[in-house]
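Here's the structure, in structure tokens; my notes come after.
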Amino acid sequence: KKRGHSVRVAGYNSSYEYFKNKVKTYPLNPMLRFYEVGDKFNNFINILKNWSIFFRGFSNLFKLNNILDEFKPDIIISDWEPITLFFNKSVFMWNYDPEVVRITNLTGQMSFQRFGLGFVYGLIRLFNKKIIIPSFFKKGRDKNKIFIGPIVRIKPDKLDNEDKLMKKLKLDKKPIIVSIGGSNFGHKFVNRLYDVVDNYKDELFLVFDYK
């Protein structure tokens with residue numbers, strides 16, 4: 001947008017909330033949902049709870065088609081959404097190499113996500129689509145993957161040094177930073193921190209979340 005490009009965003013949940021006041025944003029139906037039973041992740045429960053995913057996907061397909069007819073973009077950048085496979089100008093952008101995740105031994109929620117990733121990745125290869133992957137270590141092309149440099153809002157050499165940041169944040173000592181996602185697991189983890197922080201009274205904890 002800063003370079004003069006027109007941008008439209010379609011999303012749901014946190015992506016919709018993040019972009020809706022920044023660019024023209026369209027709401028979509030939430031796709032894959034994660035449900036916890038107590039403190040544990042149950043694959044069977046999540047399969048049952050996501051039975052309507054195909055109906056939501058077809059609904060999003062029609063919504064996106066109407067947006068594209070109106071906007072006529074030069075390129076469509078998607079993350080996990082397999083419905084964008086049906087559009088000619090679509091590419092995907094992931095923050096990890098799917099080949100690495102496929103061979104990693106994962107359990108619980110991550111195993112469920114790995115199944116979803118493997119399914120979408122198989123479709124991407126079937127449709128001969130490209131995946132853009134920001135990386136610190138790799139650059140160039142590998143089959144249908146395109147590795148680029150990391151996407152950062154501010155380059156490290158443009159940031160204030162540690163002393164200036166400490167003064168700006170009014171911190172007397174280095175904090176312990178806890179960064180979590182938007183799942184209930186993350187929030188439960190933070191709540192459990194309350195049980196142990198008394199043992200670290202000399203430490204300062206800073207918690208970051210998208211909510």
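Computed from the coordinates by the stated procedures, all read-outs in this text should not be read as laboratory data. Everything numeric in this text was worked out from a predicted model, so none of it was measured. Backbone-built Cβ (ideal geometry, glycine too); neighbour counts: all protein chains shown.
Which of the peptides 119-128, 188-197 is most tightly packed, and how do the rest follow, judged by the mean count of other Cβ atoms within 10 Å per residue?
My ranking of the peptides, most packed first, is 119-128, 188-197.
What is the set of long-range amide H partners of V207 at a cut-off below 5 Å, with H atoms built 1.01 Å from backbone N?
The answer is V178.
If the limit is 25 Å between Cα atoms, which of K2/K24; K22/K63; K129/K155; K72/K129; K2/K158; K2/K89 go over it?
Distance filter (> 25 Å) returns K129/K155.
Peptides 142-152, 168-178, 80-90: what's the order by average Cβ count within 10 Å, highest mean first?
Descending mean neighbour count gives 80-90, 142-152, 168-178.
For R192 paired with D163, estimate the spin-label separation in nm (one decimal), with each label point 7 Å from Cα along the Cα-to-Cβ line.
For R192 paired with D163, the spin-label model returns 4.0 nm.
What lysines could a cross-link reach from K201, if we take a straight Cα to Cα line under 19 Å and drop same-chain neighbours fewer than 8 places away?
Within the straight-line cut-off, K201 pairs with K170, K173, K174.
Have a look at region 131-201 and give its Rg and Dmax from the Cα atoms, expressed in angstrom.
Cα only, region 131-201: 18.6, 51 Å (Rg, Dmax).
Would you grab the residues whose amide H sits under 5 Å from the one on I132? Only those 5+ places off in sequence or on another chain, please, with H modelled 1.01 Å from N.
F92, M93, W94, I146
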